[in-house]
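Undergrad: One structure is given below, represented as structure tokens, and several questions about it will come after.
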Amino acid sequence: KIIKKAGKKYGESIINEYYKKLTLELGKGYNVTNLRRYRQFYLLIQKGAPMAHQLSWSYYSELIPLKNINVINYYIKLCKNK
């Protein structure tokens with residue numbers, strides 16, 4: 001439990017550090033909230049969710065909180081068929 005908390009703090013400090021660096025180098029759009037979402041998106045893809053190029057970011061932002069890869073893939077399939 002202590003290691004998990006320490007890891008979370010470490011991860012947060014990395015996000016804060018990169019938020020500052022990216023904002024200085026590239027400008028707006030790399031705030032802490034967006035970086036967290038980008039990380040969540042990466043983790044979603046790591047779970048095995050296919051990259052459906054037809055889906056917009058708004059679809060993926062709805063899928064990010066889901067835990068079950070089968071449910072995620074089901075909703076991706078539904079979205080692609082719209």
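The values are calculated or read from the model by the stated rules, or taken from the named source; none is laboratory data. A quick note: this is a predicted structure, and the numbers were derived from the prediction, not measured. Remember, those area values only see protein heavy atoms, side chains included, never the ligands or the DNA or RNA. Shrake-Rupley method; radii C 1.70, N 1.55, O 1.52, S 1.80 Å.
Undergrad: If you take the residues of the stretch 42-54 that are outside any loop (DSSP other than H, G, I, E, B) and hydrophobic (A, V, I, L, M, F, W, C), which of them is least open to solvent (accessible area, probe 1.4 Å)?
TA: The qualifying residue least open to solvent (accessible area, probe 1.4 Å) is 44.
Undergrad: Now, a different point. Does the stretch 1-41 hold any residues that are more than 17 Å from the chain's Cα centre (by Cα), open to solvent by 100 Å² or more (accessible area, probe 1.4 Å) and at pLDDT 80 or above, and which are they?
TA: 20, 24, 25, 26, 28
Undergrad: Hey, can you tell me all the residues within the stretch 62-74 that are part of a helix (DSSP H, G or I) and open to solvent by 30 Å² or more (accessible area, probe 1.4 Å)?
TA: 62, 69, 70, 71, 73, 74, listed by residue number.
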